[in-house]
Amino acid sequence: MQTLLVTGGAGFIGSNLVRMLAQQGQYRVVILDALTYAGNLENLEGVITGSAVKFVHGSITDVECLANLFATESVDSVLHLAAESHVDRSIASAAPFVETNITGTLRLLEAARAAGVKRFVHVSTDEVYGTLGPEDPAFTEDTPLQPNSPYSASKAGSDMLVRAFVHTHGMDCVITRCSNNYGPYQFPEKLIPLMTLNALEGKPLPVYGDGKQVRDWLHVEDHCRGIMLALEHGRAGEVYNFGGYGERYNIDIVMAILERTGADTSLIRYVTDRPGHDRRYAINPHKSSSELGWHPLHSVEEGLAATIDWYRSNSAWCENVRSGAYMEYYAKHYGTSL
């Protein structure tokens, strides 16, 4: 059985990916996560077994940690999802994004190359392409990179490092870029969980600017299937885009959440837009469909309704995240504090 290293496996997308892999049972999985604020071991409750799914607490920026991990775990392939990913936080302080997303990716690439891994899948974002006008065609894999936030600039930098290791060192790497993910276990600073929880509690819903920013929404399960198809069938050195055919105005997502939760539109508060806010993202996933056989299975309407219901039904998880109690999970199960 091959061993996959999943970096950032306790985060939103990573934990959904690990859950999918554990259910399929085709790979042994080693999770590497630094358990910063967005890493939550509660996301993996009942999944970490110590044999088929193993957790390692460590950072992709830690050279010694990486060397020990690759030396002891016989990693066949890497699924690299560890990243600082919140635009607002990158505006407030860009340094952690450069350290994790660029320096961390470099150190992971060097360790993986030294260990001779078979494949390295680098999970990136559509935000590296910049912004689109209302009538512009959707991003393709050939769209020039024009990142507009410190976060997206750091991800573009990491993409270029992966590309360089392919062309300079002959590493077998694949880059994936996805549109806005949503689904269970997403940290409540993001749009859908934030608006859902505020609506359920009767709290104000802060909407940036006029709310007419357009995002292409992709359910996290569809994204995870795409990552695995890229691992198993992608061509070395290629980029694959995953989008949900789900372009919506942010305000329309907010209105759908209000309708599903039964909250009143009077909760909406329009607030000053954030600096450099990209107006529109949209992904053309034709290449992933034609080469990998990938298609999204969740419509925005069905996926959003199920996601809202998940947050409504998992109030304990939500409360632990919002209060910070989830940070105690590691000490409880591993006998030491972070």
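Identify, among Ala38, Pro150, Val239, the residue whose Cα sits farthest towards the positive end of the charge dipole of the chain, taking +1 on the Cβ of Lys and Arg and -1 on the Cβ of Asp and Glu, with the dipole about the Cα centre.
Of the candidates, Ala38 comes out farthest on the positive side.
Nearest 10 degrees is fine. How inclined is helix 63-73 to the longest principal axis of the chain, computing both from alpha carbons?
Between the helix axis and the principal axis of the chain, the angle is about 70 degrees.
Would you grab the residues whose amide H sits under 5 Å from the one on Cys173? Only those 5+ places off in sequence or on another chain, please, with H modelled 1.01 Å from N.
Counting only residues 5 or more places away or on other chains, the set is Phe120, Gly237.
Could you give the length gained on full extension between Asp210 and Gln23, defined as 0.36 nm per residue of separation minus the Cα-Cα distance, in nm? Walk me through the intermediate numbers first.
Details: separation 187, 0.36 × 187 = 67.32 nm, distance 4.19 nm.
Result: 63.1 nm gained on full extension.
For the pair Ser74/Glu259, report the inter-label distance in nm, with labels modelled 7 Å from Cα in the Cβ direction.
5.4 nm
What is the dipole size for the chain, taken about its Cα centre, with +1 at each Lys and Arg Cβ and -1 at each Asp and Glu Cβ, in debye to the nearest 20?
Numbers: 27 positive and 39 negative charges, 73 e Å.
Computed about the Cα centre, the dipole is about 360 debye.
Rounded to the nearest 500, what is the 222 nm mean residue ellipticity of the chain from helices alone, with -39500 (n - 2.57) per DSSP H run of 4+ residues and division by all residues?
So the calculated ellipticity at 222 nm is -12000 deg cm²/dmol.
Length gain on complete extension for the stretch Glu99 to Tyr249, per 0.36 nm per residue less the alpha carbon to alpha carbon distance? Write out the running numbers ahead of the final one.
Working: separation 150, 0.36 × 150 = 54.00 nm, distance 3.25 nm.
Computed gain between Glu99 and Tyr249 is 50.8 nm.
Pull up all non-local amide H partners of Thr125: gap of 5 or more, or a different chain, and H-to-H distance under 5 Å with H placed in the peptide plane.
The list, which skips near neighbours in sequence, is Cys178.
So how do Asp278, Asp126 line up by other beta-carbon neighbours within 10 Å, fewest first? Mind dumping the intermediate values first?
Values: Asp278 21, Asp126 26.
Listed from fewest to most nearby Cβ atoms, that is Asp278, Asp126.
If one computes the Cα centroid of the stretch 84-130 and of the stretch 10-64, what distance in Å separates the two points?
So the two Cα centres are separated by 17 Å.
Mind listing the phi-derived Karplus ³J(HN,Hα) values for the stretch 28-44, rounded to whole Hz, using 6.51, -1.76 and 1.60 with θ = phi - 60°, and x for any glycine or proline?
7, 10, 10, 9, 10, 8, 7, 6, 6, 4, 8, x, 9, 5, 4, 4, 10
Neighbour counts of other C-beta atoms within 10 Å: give me Phe165, Phe187 arranged from fewest to most. Don't skip to the answer; put the middle values down first.
Numbers: Phe165 22, Phe187 19.
Ascending number of Cβ neighbours within 10 Å: Phe187, Phe165.
At R0 = 41 Å, how high is the FRET efficiency between Asp309 and Thr168 if r is their beta carbon distance? Nearest 0.05 is fine.
Values: r = 48 Å, r/R0 = 1.17.
Efficiency at R0 = 41 Å is approximately 0.30.
Assigning unit charges at the beta carbon (Lys, Arg +1; Asp, Glu -1) and nothing else, what dipole magnitude in debye, to the nearest 20, does the stretch 13-115 show about its Cα centre?
Numbers: 6 positive and 11 negative charges, 48 e Å.
Dipole magnitude for the stretch 13-115 comes out near 240 debye.
Give the order of Tyr270, Tyr182 when sorted by the count of other beta carbons within 10 angstrom, beginning with the fewest. If you can, show how the numbers build up before the last one.
Numbers: Tyr270 13, Tyr182 27.
The most exposed by this proxy come first: Tyr270, Tyr182.
Assuming R0 = 35 Å, what is the FRET efficiency of Ala52 and His286, from their Cβ-Cβ distance, to the nearest 0.05?
For R0 = 35 Å, the calculated efficiency reads 0.50.
Using modelled amide H (1.01 Å from N, peptide plane; none on Pro or chain starts), what sits under 5 Å from the amide H of Tyr270, excluding residues fewer than 5 places away?
Those lying under 5 Å, H to H, from Tyr270 are Val207.
What full-extension length gain, to one decimal in nm, is calculated for Ala236 and Ser266 as 0.36 nm per residue of separation minus the Cα-Cα distance? Let's see the in-between values first.
Working: separation 30, 0.36 × 30 = 10.80 nm, distance 5.10 nm.
Working it through step by step, the gained length comes to 5.7 nm.
Whole-Hz ³J(HN,Hα) for each residue in the stretch 128-136, computed from phi via Karplus 6.51 cos²θ - 1.76 cosθ + 1.60 with θ = phi - 60°, x for glycine and proline: what do you get?
Along the stretch 128-136, the couplings run 5, 7, x, 10, 10, x, x, 9, 5 Hz.
What residue among Glu259, Glu247, Glu84 has the largest mean-square fluctuation in a Gaussian network model of the chain, using Cα springs under 10 Å?
Greatest mean-square fluctuation among the candidates belongs to Glu259.
In whole Hz, what ³J(HN,Hα) sequence does the stretch 81-98 give by Karplus (6.51, -1.76, 1.60; θ = phi - 60°), x for Gly and Pro?
Ordered by residue, 3J(HN,Hα) equals 10, 5, 6, 7, 9, 9, 4, 4, 5, 5, 5, 5, 7, 7, 4, x, 6, 5 Hz.
Coordinate-derived values only; no laboratory data. Being a predicted model, the structure only gives us computed values, none of them experimental. A quick note on method: Cβ atoms are made from the backbone with ideal geometry, for glycine too, and the neighbour counts reach across all protein chains shown.
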